[in-house]
Amino acid sequence: IIIHKPVSDITVTEASKLSSYIAGGGNIFLMTEKNSDGMRNLMNLTAEFGLGVEAGTVNEGDSSKHVADLPGHIYPTLHATHTTTSLLAGYKNVVLLANAQSIKISDASGYTVTELLTTSDKATVSGGVEGKKVLAAISEGNNGGGKLLWVASPSLTNDALISKTQSGNFVLFFGMTNALMGDYIS
């Protein structure tokens, strides 16, 4: 299931069905935009799998990791040891995310959470404390449970940013989608 840029919250019933779907081995690819933290039912669902979000948008403080004069347009660090990001292993500044939120990671019984895309240690959320921020993460079931992959910016699939990254965003989206489908191509 792909949930791309929801404009309203899911219902309690939908959250329950999606939770059961993941617990039963299903996979969800979630891409949200800023202000998703106000979607209580969606955030309760992600929290079940060890993922939350910090209110506000991320600004990158390291000028080599963002578009000139646009600290909200971030070239994230790819953690290329995971199959979802390994197609771009060894490349720098090939993925660009705009107006992202910071994903908070917590413990989730029966699930392992892995950071996929992060900022430098100089990033802030709405002018707050500097530190590394997680822009994408995956929660994977340890014993037959499925996966919840979350990119906290829908700009991954934005045509202008795909063009600006010479298709790096598309390649990452392709790798993430294939990994969730179980048809990963290396």
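So how many residues does the range 35-58 have that are touching a Pro at 6+ places or on another chain (Cβ under 9 Å) and assigned to a loop (DSSP other than H, G, I, E, B)?
1
Would a scan of the range 135-144 turn up a residue that is surrounded by 24 or more Cβ atoms within 10 Å (Cβ to Cβ) and outside any strand (DSSP E or B)? Checking the range 135-144: not a single residue is surrounded by 24 or more Cβ atoms within 10 Å (Cβ to Cβ) and outside any strand (DSSP E or B).
For the criterion of being assigned to a strand (DSSP E or B) and modelled with pLDDT of 95 or more, residue 61 fails.
Here residue 84 fulfils each of the conditions (1) open to solvent by less than 40 Å² (accessible area, probe 1.4 Å); (2) in a loop (DSSP other than H, G, I, E, B); (3) free of Cβ contacts under 8 Å to residues at least 60 places away in the same chain; (4) of a type in the set (Val, Ile, Thr) apart from (3). Looking across the range 32-64 at every residue that is surrounded by 15 or more Cβ atoms within 10 Å (Cβ to Cβ) and on the phi > 0 side of the Ramachandran plot, the one that is nearest to the chain's Cα centre (by Cα) is identified as 50. If you go through the range 128-155 and keep only what is among the polar types (S, T, N, Q), within 11 Å of the chain's Cα centre (by Cα) and under 15 Å from residue 50 (Cα atoms), you end up with just 139. Going by what's in this entry, would residue 160 be described as outside any loop (DSSP other than H, G, I, E, B), in contact (Cβ under 8 Å) with a residue 60 or more places away in the chain, within 18 Å of residue 95 (Cα to Cα) and hydrophobic (A, V, I, L, M, F, W, C)? When the stated conditions are applied, residue 160 does not pass them.
The set of residues in the range 65-81 being in contact (Cβ under 8 Å) with a residue 40 or more places away in the chain and buried (at least 22 other Cβ atoms within 10 Å of the Cβ) consists of 74, 76, 78.
Scanning the range 106-127 for residues that are under 10 Å from residue 50 (Cβ atoms) and open to solvent by less than 20 Å² (accessible area, probe 1.4 Å) yields a count of 1.
Just one of the listed residues (28, 10, 22) is under 13 Å from the mean Cα position of the chain (by Cα) and of a type in the set (A, V, I, L, M, F, W, C), and it is 28. Here residue 28 fulfils each of the conditions (1) open to solvent by less than 20 Å² (accessible area, probe 1.4 Å); (2) more than 19 Å from residue 179 (Cβ to Cβ); (3) not in a helix (DSSP H, G or I) apart from (2).
The values are calculated or read from the model by the stated rules, or taken from the named source; none is laboratory data. Predicted model only: the values in this text are computed from it and were never measured. Cβ atoms come from the backbone with ideal geometry, glycine included; neighbour counts cover every protein chain shown. Heavy atoms of the whole protein, side chains included, go into the accessibility calculation; ligands, DNA and RNA do not. Shrake-Rupley method; radii C 1.70, N 1.55, O 1.52, S 1.80 Å.
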